[in-house]
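The block underneath contains the structure these notes are about, expressed in structure tokens.
The values are calculated or read from the model by the stated rules, or taken from the named source; none is laboratory data. All values reported here derive from a predicted model rather than from experimental measurement. Cβ: placed from backbone, ideal geometry, glycine included. Neighbour counts: every protein chain shown.
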Amino acid sequence: MRELEYQCCFCGQGIGQDPAKAHAFDPCAVILIANWSKGEEEQREQQFFCHFVCFQKYTSPHAPLYLEDLDS
């Protein structure tokens, strides 16, 4: 059976295929909810996949990630 493959929405590479980008949290799912401030009936949702490292790279330092701290 073939393992399910994911593609990172940031770098475009396969997730789990490049050992240099491997992270214990991979693959990550990012859920985008459009029209967040409107009622649920007007909201739209889509899920994207990414490497944890890529998500960190493109996230502002003003929005720190605490996921790694939870494992301590």
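Tell me, which residue of segment 1-22 that is surrounded by 10 or more Cβ atoms within 10 Å (Cβ to Cβ) and closer than 14 Å to Lys57 by Cβ is modelled with the lowest pLDDT? Only one residue tops the list, namely Lys21. Among residues that are out of contact with any Cys (no Cβ under 9 Å at 6 or more places or on another chain), in a loop (DSSP other than H, G, I, E, B), surrounded by 10 or more Cβ atoms within 10 Å (Cβ to Cβ) and modelled with pLDDT under 90, Leu65 is included. Here is the figure for segment 35-52: residues that are out of contact with any Asp or Glu (no Cβ under 6 Å at 6 or more places or on another chain) and in contact (Cβ under 8 Å) with a residue 12 or more places away in the chain total 6.
Filtering segment 25-72 to residues that are closer than 22 Å to Tyr6 by Cβ and charged (D, E, K, R) leaves Asp26, Arg44, Glu45, Lys57, Glu68, Asp71.
The number of residues in segment 23-44 being exposed (fewer than 12 other Cβ atoms within 10 Å of the Cβ) and either acidic (Asp, Glu) or not in a strand (DSSP E or B) (or both) comes to 8.
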